[in-house]
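S.K.: Let me begin by handing over the structure; questions about it come next.
The values are calculated or read from the model by the stated rules, or taken from the named source; none is laboratory data. Every value quoted in this text rests on a predicted model; they were computed, and no experiment measured them. Here the Cβ is made from the backbone with ideal geometry for all residues, glycine too, and neighbour counts use every protein chain on show.
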Amino acid sequence: MKIRSAEFWAAAATAGAVPAAEYPEVAIAGRSNVGKSTLINAMTARRSLARTSSTPGCTRGLVFFCINDRMCLVDLPGYGYARRSKTERGRWKQLVEGYLLGREELGGVLILVDVRRGPESEEIELADFLHTHGIAFVWVLTKCDKLKRGQLELRRRELADTFGDAPCVLTSARKGKGMDGLWKWVEAATS
């Protein structure tokens with residue numbers, strides 16, 4: 001996909017603050033240190049569209065980015081490592097589940113997983129949740145540049161059983177690897 005425009009559109013920390021949808025949407029989910037913001041910046045060819053931080057867990061609500069005035073990427077709060085209170089993380093869970101179940105314009109979800117770690121319980125639970133509710137998703141293996149080619153292929157094969165029939169895209173935000181495949185999935189999910 002050729003990116004002509006990519007801009008911050010809205011942020012919502014509560015269900016009441018979620019804006020009415022104007023375009024089809026794809027949500028981006030993953031652990032706090034998986035590289036969601038970095039991937040958004042790589043996908044959109046922008047250096048600082050999504051804010052990156054050395055401290056994981058800075059996304060505290062839903063963050064909407066409008067792409068080409070025809071679709072939105074929605075950055076969901078990270079889970080796992082985020083140093084936030086249980087109460088705050090509980091609110092995030094309610095916000096995210098409400099968004100995922102109630103947003104008619106949602107075309108699908110990118111589940112980001114660090115290729116070196118593989119999916120942990122939160123990612124598996126999210127995939128099960130999405131599958132149960134009929135929401136399309138794709139596994140996105142991030143940080144693939146951290147492994148040598150042979151290691152990467154071995155890792156991909158090891159994870160294939162976990163991913164089952166769900167599609168999987170290998171990416172490296174640093175090298176721009178996998179962006180075309182990711183955009184093909186996003187375009188199919190939002191059309």
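S.K.: Name the residues in region 59-91 that are modelled with pLDDT under 90, surrounded by fewer than 22 Cβ atoms within 10 Å (Cβ to Cβ) and under 14 Å from ILE28 (Cα atoms), would you?
M.R.: THR59, ARG60, GLY61
S.K.: Could you list, in sequence order, all residues of region 147-171 that are of a type in the set (S, T, N, Q) and under 19 Å from PHE137 (Cα atoms)?
M.R.: Passing the criteria: THR162, THR171.
S.K.: Oh, and also: Being part of a loop (DSSP other than H, G, I, E, B) and touching a residue at least 60 places away in the same chain (Cβ under 8 Å) is the filter here, so list the residues in region 116-165 that pass it.
M.R.: Those that are part of a loop (DSSP other than H, G, I, E, B) and touching a residue at least 60 places away in the same chain (Cβ under 8 Å): GLU120, LYS143.
S.K.: Could you list all residues from region 166-189 that are in a loop (DSSP other than H, G, I, E, B) and surrounded by 19 or more Cβ atoms within 10 Å (Cβ to Cβ)?
M.R.: THR171, ALA173, GLY178
S.K.: Right, here's the next one. Quick test of your reading of the structure: VAL138 fulfils all but one of (1) in contact with a Cys (Cβ under 8 Å, 6 or more places away or on another chain); (2) under 19 Å from LEU76 (Cα atoms); (3) exposed (fewer than 13 other Cβ atoms within 10 Å of the Cβ). Name the failing condition by number.
M.R.: (3)
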